[in-house]
Amino acid sequence: MSKMKIGLEIHQQLEHTTKLFCLCAARLHSEDTPDLLIRRRFNLISGAYDQVDQTLFSQVVERPIEYRAVEQKICLIERDEQPPLRINPDAWRTALMIGMMFDCAIVRSQRIMRKIIVDGSLPSGFQRTILLGFGGTLKRAGKDYQIERIFLEEDSGRRLNEQSYALDRVGIPLLEIVTAPTIRSPEEAIEVAQAITETIFFVPGVARHLGAVRQDLNLSTDQFPRCELKGIGSLTVLRKAIEREVERQHQMISLLEQIEIRGDQIRLLRSPDPAEKRLLHQLLLEHDPEQDPFLFELVEGAELSSSKLVAYLETVRTQGDTRQVQADGSSVYLRKISSRTRMYPETDLTVLDVSEPLLDQIRSSCPLTFEQAIRSITDQGVGTETARSIVIHGLFELYERLVASHSPLRVTNFLLNFVQQQRVRPSIETSELFLTLRLSVRQMQQAYDRFGSNPMKIIEIVEMDQSNERWVEIEQLLDLMLRASTKAPHNPTVQKGQLLRLVIERVPFVDIERLVEALDRRL
Amino acid sequence: MNPDPQITFTVEIQIEGKRLRGTVRSIEDKTLWLVDSSGYEVGINLDQIEALNQIDARPIEDHTIEQERFIFPPNIHGTVLIINTGGTISSRISGTSGVSSQSFLARMFQSTETLQVRYHECDPLKFSEDLTFADWNALGNLIRDLIRAYQPDGVVILHGTDTLAIGATFLSFGFEQLPCPVVLTGAQRSSDRPSSDTFENLVGATIFAIESRYAGVFVAMHLNDMDDTIAIHHACRVLKTHASRRSTFRSIGIEPFALIRERSLEPQGTGILLRSEIDPSFAPIEERAGLLLARPTNSTAELELLLNIYQGLVIAGTGFGHVSAAYRNYLQQNLTVPIVLCSQCPEGFANLQVYQSGRELLRQPMICSGTDLLPHVAWIKLCYLLTRFRVEEVLTQFHLPLRQETAHTRWSDL
């Protein structure tokens, strides 16, 4: 692979809170049927500034856009019928916390800005966004990555089709984490994306459901200007997107070398290979869809007449694309990268001032990062994979509490073989109980099934089965069974297993370790 | 550091060991405001700055809006006169100075091949809560003068929405004769956003102003929250009912006079004045009446004060137009000042016949019912009548429907 420079933009949704500028729940309603339809027409306006960025409006929305929603679940603010409420303080604090966890310099007077969005995904035509912090670092073994910017903004509408969007996602708080373009390979990109997610893993309010994290990336190769790839939904697609984009950039360069442009005519200097033919077809589809690409016989000397495609090809080397990534990693042209962001202040809201006491308060409640959590487990002698498993499955808090009174080994065994395996979530009291009673996983399962919400019952039964009177009975039973079996030929292991089972059938909550000991003595 | 307003400085600052580059916007209250390369504005405490380096200094570029203009749809034929008084429709923030600037519209309105646009801007532009009788009288004179000068097919007035209904009522009574429609319109959602209702309101107002068969004063605003349809309301039957949404203006007790659906005129009602070649005639209205919102009270102080200041009074009473006992007692003395009792309820009729207390008030010769007039309409109408007629004649005149200000034509019952 050739030299590449990649910068990541991670978009992380927040949850269990309200939207950023209104009191609606920050949640999608994809399972509900929408009953509200709004049609909006947009106009060529660049915001406050008097200049118009021509490239920005190459995709201006000409036809009305439809918005759908469940009327009861949204308010007038998402619909741009009412000014915003003041910013959701929890989301703001979460964003500040994340800024500090990446060691950013936090902007002390934050102005909420309006960023003009022309694709129709927001009914107001703009997105409210705040620059919170800059100059942070993501520390990795061997190489640090600069976190250039941290933004807090409202999410846009969910695209339903070319002309319509769902409003449920509008206004959900979105954190944007932007790295410097120092990533050099797809593997590195995945690592960095993962590391960023892991750093904020334990921050309360960080959403982890499907679709909660979206990545955009900027990629440039040595001969090609920076292109923007948007809407990457998973790390697998991230790798494919980078690979396909690098491929595309190479193909574009080689294509440009084989064509000659005169006025509106494109002449092929030699016959294109199948990949180049595909590329030409895609280019025509993206830039001059009225032409039927199959009308052209793409051979040496063939000529295509397309002013639109020529206009695009002439800028390819100097100005990159903004492209939408598909599920297979390929991408579709959206528009030219805008050289200037069209932004102006949100005048309905006042400046957000960040005081030192507020920062101190937030700093003292920063949670551990993923790495720090794992390390705190491995420091106690547990293997890395086990530790990682515990953290990933959301069991770290439970681990910390149980390990205060029980050995790490027993706790990890309990958590992974019982809690995670059986997909149960026993209360702290029940967990403590299971560990104190030294039950086997099977016994825990039985006890939980029968008495899950009633620890007292468990204690009762277990005490009965493990009482001294019981032991006397068990010992007698063992002696009886051994006498009976000495008459028949036996395999010691099998016999042990059979005897164990026999006892457990009668006394389900027997202390297994003690029983095994007792058997071993006899055999 | 006092940055020269004609020069843009690009600086790099360092705080907490981290660097940020941006152009200087301003310094206020110990905060340095920078605009970063993406356009974000950030405020940095001067105390925090560890280092500051100037990177660049260049004169501010002159930004001209070439591409940004308001394009009227191609199928409108005629001449329209657009007069801008101010309001949200005109306000924007200037990118370079950060100050609200209202005159970008002047550059925006361009004539098309078939539509000739004449644009006039009032100076100063005002938010409509600041407008006064003097302003509206000046506006009336201006409209008359410009109609005479340009002979447009119709007139569109850009006006703040807060008092747009009052402005429309004012012009409606002020003009005794109009040759063409005068349509007031405005914006609920500021014009600096792509989704602003400004554009469709303007187009709808213009289409109606040019194509309607009727002359008179009207109000054009969104019918509902969608951008498909603009409602043309009678000037004296319209009310702003919501503080912010696009569909805020509603015709009360009557259907809108017309609709502009998908930019095409659909007349709905009949007017009282047809389009003609008549010379426009406007006479000023003086603020001779007061307006009082009645509510439960034992004190008549407010009432007495207003009766001392004004030559007439509109009281917006509760329900059918009722007022408290204290007021009733006061009003049953000999009054020399005409009093109109309306209802605070936007819909329905003031009706003083239903209850004894109302009937007693009606026995007073200087008291009359406002019927279904909206209180602000009754107020302007009373001012108008007090300016034109002697006090004794005012109430007789008040009963006459003059400008389609009532949804009902049979007055005698009430």
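The values are calculated or read from the model by the stated rules, or taken from the named source; none is laboratory data. Computed from a prediction, not measured in an experiment: that's the story for all the values here. Don't worry about glycine lacking a Cβ; one is built from the backbone with ideal geometry, like all the others, and counts go over all protein chains shown. Accessible surface areas use protein heavy atoms only, side chains included; no ligands, DNA or RNA. Shrake-Rupley method; radii C 1.70, N 1.55, O 1.52, S 1.80 Å.
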Quick check: is even one residue across the stretch B:294-309 open to solvent by less than 30 Å² (accessible area, probe 1.4 Å), more than 14 Å from chain A (Cβ to nearest Cβ) and under 22 Å from B:S128 (Cα atoms)? no
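Results for (1) touching a Ser or Thr at 6+ places or on another chain (Cβ under 9 Å); (2) within 22 Å of A:K5 (Cβ to Cβ); (3) assigned by TED's automatic domain parsing to the domain that holds A:Q194; (4) in contact (Cβ under 8 Å) with a residue 12 or more places away in the chain, shown as yes or no for each residue.
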{"position": "A:C227", "(1), (2), (3), (4)": "yes, yes, no, yes"}
{"position": "A:I242", "(1), (2), (3), (4)": "yes, yes, no, yes"}
{"position": "A:L269", "(1), (2), (3), (4)": "no, no, no, yes"}
{"position": "A:L284", "(1), (2), (3), (4)": "yes, no, no, yes"}
{"position": "A:E303", "(1), (2), (3), (4)": "no, no, no, yes"}
{"position": "A:S306", "(1), (2), (3), (4)": "no, no, no, yes"}
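Conditions (1) within 7 Å of chain B (Cβ to nearest Cβ); (2) at pLDDT 95 or above; (3) open to solvent by 10 Å² or more (accessible area, probe 1.4 Å); (4) part of a loop (DSSP other than H, G, I, E, B), marked per residue:
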| position | (1), (2), (3), (4) |
| --- | --- |
| A:G47 | yes, no, no, yes |
| A:V52 | yes, no, yes, yes |
| A:S58 | no, no, yes, no |
| A:R63 | no, no, yes, yes |
| A:Q72 | no, no, yes, no |
| A:D80 | yes, no, no, yes |
| A:W92 | no, yes, yes, no |
| A:G99 | no, yes, no, no |
Given the condition away from chain A (no Cβ under 14 Å) and open to solvent by 10 Å² or more (accessible area, probe 1.4 Å), answer yes or no: does some residue in the stretch B:188-211 qualify? yes
Which listed residue is farther than 30 Å from A:S254 by Cα and modelled with pLDDT under 90, from A:T369, A:T378, A:T350: A:T369
Any residue that is more than 18 Å from A:L352 (Cα to Cα) and more than 8 Å from chain B (Cβ to nearest Cβ) - is there at least one of those in the stretch A:125-135? no
Residues being touching a Ser or Thr at 6+ places or on another chain (Cβ under 9 Å), at the interface with another protein chain (Cβ under 9 Å from one of its Cβ atoms), part of a strand (DSSP E or B) and open to solvent by 40 Å² or more (accessible area, probe 1.4 Å): count how many of those fall in the stretch B:1-56. 1
If you scan the stretch A:197-221, which residues turn out to be over 11 Å from A:I10 (Cβ atoms) and open to solvent by 50 Å² or more (accessible area, probe 1.4 Å)? A:F202, A:P204, A:R208, A:H209, A:L210
For the stretch B:399-412, state whether one or more residues are out of contact with any helix residue (DSSP H, G or I) (no Cβ under 8 Å at 6 or more places or on another chain) and among the aromatic types (F, W, Y). yes
Apart from one, (1) closer than 29 Å to B:L386 by Cα; (2) not assigned by TED's automatic domain parsing to the domain that holds B:Q404 all hold for B:G269; the odd one out is (1)
Quick check: anything in the stretch B:275-285 within 24 Å of the chain's Cα centre (by Cα), assigned to a strand (DSSP E or B) and on the phi < 0 side of the Ramachandran plot? yes
In this structure, does A:Q265 turn out to be in contact with a strand residue (DSSP E or B) (Cβ under 6 Å, 6 or more places away or on another chain) and either modelled with pLDDT of 90 or more or more than 24 Å from A:I117 (Cβ to Cβ) (or both)? yes
Return yes when B:S276 is within 14 Å of chain A (Cβ to nearest Cβ) and small (G, A, S) and no when it is not. no
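Residues checked against (1) open to solvent by less than 40 Å² (accessible area, probe 1.4 Å); (2) farther than 24 Å from A:G133 by Cα; (3) assigned to a strand (DSSP E or B); (4) without any contact (Cβ under 8 Å) to a residue 60 or more places away in the chain:
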site: A:V310; (1), (2), (3), (4): yes, yes, no, yes
site: A:L313; (1), (2), (3), (4): yes, yes, no, yes
site: A:T318; (1), (2), (3), (4): no, yes, no, no
site: A:T322; (1), (2), (3), (4): yes, yes, yes, no
site: A:A327; (1), (2), (3), (4): no, yes, no, no
site: A:L334; (1), (2), (3), (4): no, yes, yes, no
site: A:S338; (1), (2), (3), (4): yes, no, no, no
site: A:Y344; (1), (2), (3), (4): yes, no, yes, no
site: A:T347; (1), (2), (3), (4): no, no, no, yes
Being within 30 Å of A:R410 (Cβ to Cβ), open to solvent by less than 40 Å² (accessible area, probe 1.4 Å) and in contact (Cβ under 8 Å) with a residue 60 or more places away in the chain is the filter here, so list the residues in the stretch A:349-383 that pass it. A:P367, A:T369, A:F370, A:A373
Kindly provide the set of residues from the stretch B:37-58 that are within 38 Å of the chain's Cα centre (by Cα) and not aliphatic (A, V, I, L, M), ordered by number. B:S38, B:G39, B:Y40, B:E41, B:G43
Confirm whether A:V462 is touching a residue at least 24 places away in the same chain (Cβ under 8 Å), surrounded by 18 or more Cβ atoms within 10 Å (Cβ to Cβ), among the aliphatic types (A, V, I, L, M) and within 19 Å of A:F396 (Cα to Cα). no
Of the residues in the stretch A:344-396, those that are of a type in the set (K, R) and closer than 30 Å to A:I87 by Cβ come to A:R363
Would you please list the contacts, defined by Cβ atoms under 9 Å and residues six or more apart or on different chains, that run from a residue in the stretch A:418-442 that is in the same structural domain as A:H393 (by TED's automatic domain parsing) and in a helix (DSSP H, G or I) to a residue that is of a type in the set (F, W, Y) and open to solvent by 10 Å² or more (accessible area, probe 1.4 Å)? A:F418/A:Y448; A:T430/A:Y448; A:T430/A:F451; A:F434/A:Y448
Residue list for the stretch B:212-246, restricted to those being open to solvent by 20 Å² or more (accessible area, probe 1.4 Å) and part of a loop (DSSP other than H, G, I, E, B): B:R213, B:L223, B:N224, B:M226, B:D228, B:T241, B:H242, B:A243, B:R245
Among what's in the stretch B:254-263 and is at pLDDT below 95 and open to solvent by 60 Å² or more (accessible area, probe 1.4 Å), pick the residue that is farthest from B:G154 (Cα to Cα). B:E255
Matching residues, the stretch A:122-147, being outside any strand (DSSP E or B) and surrounded by fewer than 22 Cβ atoms within 10 Å (Cβ to Cβ): A:R140, A:A141, A:G142, A:K143
Evaluation of B:G160 against (1) of a type outside the set (A, V, I, L, M); (2) within 23 Å of B:R403 (Cβ to Cβ); (3) in a helix (DSSP H, G or I) (one fails), failing number: (3)
Scan the stretch A:26-45 residue by residue and report those that are out of contact with any strand residue (DSSP E or B) (no Cβ under 8 Å at 6 or more places or on another chain) and hydrophobic (A, V, I, L, M, F, W, C). A:L44
As an exercise: evaluate A:A141 against (1) aliphatic (A, V, I, L, M); (2) touching a strand residue (DSSP E or B) at 6+ places or on another chain (Cβ under 6 Å); (3) without any contact (Cβ under 8 Å) to a residue 40 or more places away in the chain and give the number of the one condition it does not meet. (2)
Can you pull out the residues in the stretch B:340-371 that are touching a Lys or Arg at 6+ places or on another chain (Cβ under 7 Å) and open to solvent by 70 Å² or more (accessible area, probe 1.4 Å)? B:Q353
